[in-house]
Amino acid sequence: MQEVNWEEVNNKIADLLDVIDEFADLLEKENAALKAFDVEAVGNLFEQKAKTVGAYRSMSAFFIKNQNYLSGANAELKAELKDASKDLDELLKENELLLKTRMETSKNVMDTIINIAKVTNNRNATSYGARGNYSPQDNSKNALAINRTL
């Protein structure tokens, strides 16, 4: 069995704390942007968020695989890690709720726009009836293309 270098373990915990702090700051910015409906600011944070999440997952995976390292680590660092993790968890829950709310709102807006377009299209459209005659009354089956990438 390999000898544990506790100084190295404590340094890894300190590094994880730095990543958690950066992640928390990023989530606070994103949550504020989501509350302000600032879609551009949320988009600008995406790349940084992806990198930070990758670093967080990587460092968390190390401690998940090596849980025994936490048992002998510096008690103060462990307490700080526990508190930081709880704070991050709260920010993640808030972020998830805000993102779900914004996505649902966007979906409802798109559905409303689509329904208005369908009604307007059907009211203004003309078509030919079953016998090939012009029939303004038979316009219920008109084609309508919708781009849902908005």
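Where the second residue is among the acidic types (Asp, Glu) and exposed (fewer than 15 other Cβ atoms within 10 Å of the Cβ) and the first is assigned to a helix (DSSP H, G or I) and lies in the range 86-103, which pairs have Cβ atoms under 8 Å and are six or more apart or on separate chains?
From the range 86-103, the pairs are Leu91/Glu28.
Right, Glu96: closer than 25 Å to Asp15 by Cβ and open to solvent by 90 Å² or more (accessible area, probe 1.4 Å) or not?
no
Could you grab me the full set of residues in the range 58-88 that are closer than 22 Å to Leu34 by Cβ and open to solvent by 60 Å² or more (accessible area, probe 1.4 Å)?
If the condition is that a residue be closer than 22 Å to Leu34 by Cβ and open to solvent by 60 Å² or more (accessible area, probe 1.4 Å), then Lys86, Asp87 are the ones that fit.
Taking the stated definitions as given, is Gln48 open to solvent by 50 Å² or more (accessible area, probe 1.4 Å) and modelled with pLDDT under 90? Let's see the steps before the verdict.
On the way: open to solvent by 50 Å² or more (accessible area, probe 1.4 Å): yes; modelled with pLDDT under 90: no.
It is false that Gln48 is open to solvent by 50 Å² or more (accessible area, probe 1.4 Å) and modelled with pLDDT under 90.
List the pairs whose first member sits in the range 46-57 and is within 10 Å of Val19 (Cβ to Cβ) and in a helix (DSSP H, G or I), whose second member is modelled with pLDDT of 95 or more and not hydrophobic (A, V, I, L, M, F, W, C), and whose Cβ atoms are under 6 Å apart, counting only residues at least 6 apart or on separate chains?
Short answer, once both residue conditions are applied: Thr52/Glu22.
Considering each of Glu40, Glu3 in turn, give the residue that is without any contact (Cβ under 8 Å) to a residue 60 or more places away in the chain, outside any helix (DSSP H, G or I) and either under 14 Å from the mean Cα position of the chain (by Cα) or on the phi < 0 side of the Ramachandran plot (or both). Even if it seems obvious, please write down each step before you answer.
On the way: Glu40 fails: outside any helix (DSSP H, G or I).
Every option except Glu3 fails the conditions.
What is the residue count in the range 13-36 for residues that are open to solvent by 60 Å² or more (accessible area, probe 1.4 Å) and either polar (S, T, N, Q) or in contact (Cβ under 8 Å) with a residue 24 or more places away in the chain (or both)?
Counting residues in the range 13-36 that are open to solvent by 60 Å² or more (accessible area, probe 1.4 Å) and either polar (S, T, N, Q) or in contact (Cβ under 8 Å) with a residue 24 or more places away in the chain (or both) gives 5.
The values are calculated or read from the model by the stated rules, or taken from the named source; none is laboratory data. Fair warning: this is a prediction, and the values are worked out from it, not measured in the lab. Reconstructed Cβ throughout: ideal geometry from the backbone, glycine too, with neighbour counts over all protein chains shown. To get the accessible areas, we keep the full protein, side chains included, count just its heavy atoms, and leave off ligands, DNA and RNA. Shrake-Rupley method; radii C 1.70, N 1.55, O 1.52, S 1.80 Å.
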